[in-house]
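**Q** Encoded as structure tokens, here's the structure I'll be asking about.
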Amino acid sequence: MNVVITGGNRGIGLALAKQYKAQGAKVYATCRNSCDDLNGAGVNVISGVDVSQPDTLAEQLAPLADVNIDLLINNAGVLGRESIEDWDPNTIDYQFRVNALGPLLVTQTLLPNLASGSKVALITSRMGSMADNTSGNYYGYRMSKAALNAAGVSLANDLKPKGIAVALLHPGFVQTEMVGGAGDIDTTTCAERLVERIAELSIETTGQFVHSNGEILPW
């Protein structure tokens, strides 16, 4: 099985790369900048990939041109912490480009590499849920993840006739650098759960918004 993971140099992406490698998959981890941990993981590293740059993304993903992709995991993401009193439109714009537009562009670029039976996983967040938002703040992150969810449902509808299933996955509150090490599960546990959810994904369940623990989340 050929697995492509964006944002594979740290956190959840790195843990997923290691999980799939341990299962015997051929893993291609893309990132802006690699690290010793990723370089030593025994996977194929494609550095210099910045999903926020639509004009150069196809060139950056060119090393994957001849790879038949069984699973594409759009994991790369960024988190801002805006409040109504303290926010910057530039950081909000950047979160949209990385969190929402980036996964769509990566999937569009690599669509020729996908075939019937392939899967696309979007690592989103319940912070993009309208029904689940009871605390406000985090404007850029919430809006960009809501936009990603909208893109994911459209992808699920558009790719279903091609036999390609799409998962929208909330990883949980994970102990990563993005949240300063806070969280209630570590990256290994998160990756194990995500691998299970992706294995369960089928054309019949395409487009669902699912917590890594298996719970169906509200929009």
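**Q** Which condition does E192 not pass, out of (1) buried (at least 21 other Cβ atoms within 10 Å of the Cβ); (2) in contact with a helix residue (DSSP H, G or I) (Cβ under 7 Å, 6 or more places away or on another chain), if it passes all the others?
**A** With respect to (1) buried (at least 21 other Cβ atoms within 10 Å of the Cβ); (2) in contact with a helix residue (DSSP H, G or I) (Cβ under 7 Å, 6 or more places away or on another chain), E192 is out only on (1).
**Q** Tell me yes or no: at least one residue of segment 172-184 is at pLDDT 95 or above, in contact with a helix residue (DSSP H, G or I) (Cβ under 7 Å, 6 or more places away or on another chain) and buried (at least 20 other Cβ atoms within 10 Å of the Cβ).
**A** Among the residues of segment 172-184, not one is at pLDDT 95 or above, in contact with a helix residue (DSSP H, G or I) (Cβ under 7 Å, 6 or more places away or on another chain) and buried (at least 20 other Cβ atoms within 10 Å of the Cβ), which makes the answer no.
**Q** Oh, and also: Tally time: how many residues in segment 3-41 are over 16 Å from the mean Cα position of the chain (by Cα) and part of a strand (DSSP E or B)?
**A** 1
**Q** For segment 10-33, which residues satisfy the criterion of being closer than 11 Å to V45 by Cβ and surrounded by fewer than 22 Cβ atoms within 10 Å (Cβ to Cβ)?
**A** N33, the sole residue that qualifies.
**Q** So, of the residues in segment 80-139 that are of a type in the set (S, T, N, Q) and over 20 Å from the mean Cα position of the chain (by Cα), which turns out to be farthest from R32 (Cα to Cα)?
**A** For segment 80-139, the residue satisfying everything is T134.
**Q** Yes or no: segment 63-79 includes at least one residue that is more than 14 Å from the chain's Cα centre (by Cα), among the aliphatic types (A, V, I, L, M), closer than 14 Å to I5 by Cα and assigned to a helix (DSSP H, G or I).
**A** Yes, that holds for at least one residue.
**Q** For L64, state whether it is more than 24 Å from P171 (Cα to Cα), surrounded by 18 or more Cβ atoms within 10 Å (Cβ to Cβ) and aliphatic (A, V, I, L, M).
**A** Taking the combined requirement at face value, the residue satisfies it.
**Q** Only one of S118, S125 is under 24 Å from A62 (Cβ atoms) and hydroxyl-bearing (S, T, Y). Can you tell me which?
**A** S118
**Q** Turning to a different aspect of this structure: Looking for something hydrophobic (A, V, I, L, M, F, W, C), outside any helix (DSSP H, G or I) and surrounded by fewer than 20 Cβ atoms within 10 Å (Cβ to Cβ) - is there at least one such residue anywhere in segment 150-171?
**A** Taking every residue of segment 150-171 in turn, none turns out to be hydrophobic (A, V, I, L, M, F, W, C), outside any helix (DSSP H, G or I) and surrounded by fewer than 20 Cβ atoms within 10 Å (Cβ to Cβ).
The values are calculated or read from the model by the stated rules, or taken from the named source; none is laboratory data. Bear in mind the structure is a predicted one, so any value in this text is a computation, not a measurement. Cβ sites come from the backbone with ideal geometry, for glycine too, and all protein chains shown count toward neighbours.
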